[in-house]
Amino acid sequence: MMNTASKRMYSYLFFLLPAGVIYFTFYLLPTLLSFFFSTTRWTLTKWEFIGMDNYVTFFSETALSIGFRNTLIFAVVTCGLKVLLGLLLGAFLTSRIIAKNYLRSVVFFPTLLSTIAVGITFSTMMHPSQGIINVALGALGITGPDWLGNTHIALLSVAQIGRA
């Protein structure tokens, strides 16, 4: 008969085992294999252990420093400036200025414009008789539904558009 501590340990082990298998399969094993293959010269059928030669070759590459510099500049310019300018613009648009609501509309308008363009494009594509989706289905001998007019499938159609 199992005591309480054994039952508790068995329960935890049984509960954690699937997560452990997934962690090992999708994270730990690929990490170890990538390190192993980084120390070999290999093809699909054979491999030869060469130690740290791949790392020496990689770090002695002259273009590496240029790549690191370009990556750093790109990251600072794209991420850093976006955050900084967004913060400054947000602080400006929440301050006490006269045209605050107008300026908020101007800043937010490009976001709406892309949403409106997607809406017009998909409503044209999903037209019940002339839309490209139903025309393509008709060429296959399938009668397409009214994607946006049928109350049973309209919500799913719009949800799929939002996912695209």
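Can you name the residue in region 148-159 that is open to solvent by 60 Å² or more (accessible area, probe 1.4 Å) and touching a helix residue (DSSP H, G or I) at 6+ places or on another chain (Cβ under 9 Å) and, of all such residues, is nearest to Gln130 (Cα to Cα)?
It comes out as Leu148.
Considering each of Phe68, Phe92 in turn, give the residue that is more than 28 Å from the chain's Cα centre (by Cα) and open to solvent by 90 Å² or more (accessible area, probe 1.4 Å).
Phe92
The values are calculated or read from the model by the stated rules, or taken from the named source; none is laboratory data. Because the structure is a prediction, the values reported are computed rather than measured. Using ideal geometry, Cβ is built from the backbone for each residue, glycine included, and neighbour counts are taken over all protein chains shown. These area figures cover heavy atoms from the full protein model, side chains too; ligands, DNA and RNA do not enter into them. Shrake-Rupley method; radii C 1.70, N 1.55, O 1.52, S 1.80 Å.
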